[in-house]
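Written below as structure tokens is the structure these notes are about.
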Amino acid sequence: MADLTGSLDHALSTTAEVVDGVGSEQWQEKSVCDKWSVRDLVEHLAGGAALTAAVLRGEDAHARPTYEDTSEHELTVQFRQASQAVLLAVEEPGALEQTVRVGMGPVPGSVAAHLALVEAIVHGWDIATSTGQSVRFEEDVVTEALEFSRGMMEQIPPGRSPFAEPFPVGEDASAMEQLLGLLGRDPKA
């Protein structure tokens, strides 16, 4: 998948399948992300996608939507709707070239879209791992996310990373294992 829209579509739809596979008894379970339940992860993804869509549409969005009173079923619907909104926003002329404001400050729209790509892949894996599901993202999509993440990690000042310390992976690690390790996850979890 050579284009960002195709990569995002693949990552978001693959993660939506994982979210659909969360069992009713698994939503409140602790996830592989320290201090977050499975539901917290899905809320984070849905809110992040909604926020990304808003900033790419040129809206001055400052806060993620919250889903405290939303049922698990409705939360899965909200994630799918927010994912579609991201895809529509990315396809708008000039969306990727404009400057938008995200948590790290002003960035090109393409950076915001790539952040959504990384979030979908990594948190999709987090949810799958936390709920005993398997997930497989296309290698070229993961490689795109890995290359973007490496570049972004170089720009983050020491001690300010929103991720855990990188987890060492072997030289023969797949792109997915490298991405997970870079963002502080044990790929063998």
Report yes if some residue within region 147-158 is within 13 Å of L183 (Cβ to Cβ), part of a loop (DSSP other than H, G, I, E, B) and at pLDDT below 95; otherwise report no.
-> yes
Any hit, region 100-109, residues being of a type outside the set (S, T, Y), at pLDDT 95 or above, closer than 18 Å to T5 by Cα and in a helix (DSSP H, G or I) = yes
Would you confirm whether any residue within region 121-139 is among the aromatic types (F, W, Y), within 20 Å of D20 (Cβ to Cβ), assigned to a loop (DSSP other than H, G, I, E, B) and within 18 Å of the chain's Cα centre (by Cα)?
-> yes
State the number of residues belonging to region 62-99 that are within 30 Å of S24 (Cα to Cα), touching a helix residue (DSSP H, G or I) at 6+ places or on another chain (Cβ under 9 Å), in a helix (DSSP H, G or I) and not hydrophobic (A, V, I, L, M, F, W, C).
-> 7
For region 36-50, indicate whether the set of residues that are crowded, with 19+ Cβ neighbours inside 10 Å, among the hydroxyl-bearing types (S, T, Y) and at pLDDT 95 or above is non-empty.
-> no
Does region 166-175 contain any residue that is buried (at least 22 other Cβ atoms within 10 Å of the Cβ) and modelled with pLDDT of 95 or more?
-> no
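The values are calculated or read from the model by the stated rules, or taken from the named source; none is laboratory data. All values reported here derive from a predicted model rather than from experimental measurement. Neighbour counts run over all protein chains shown; Cβ positions are idealised from the backbone, glycine included.
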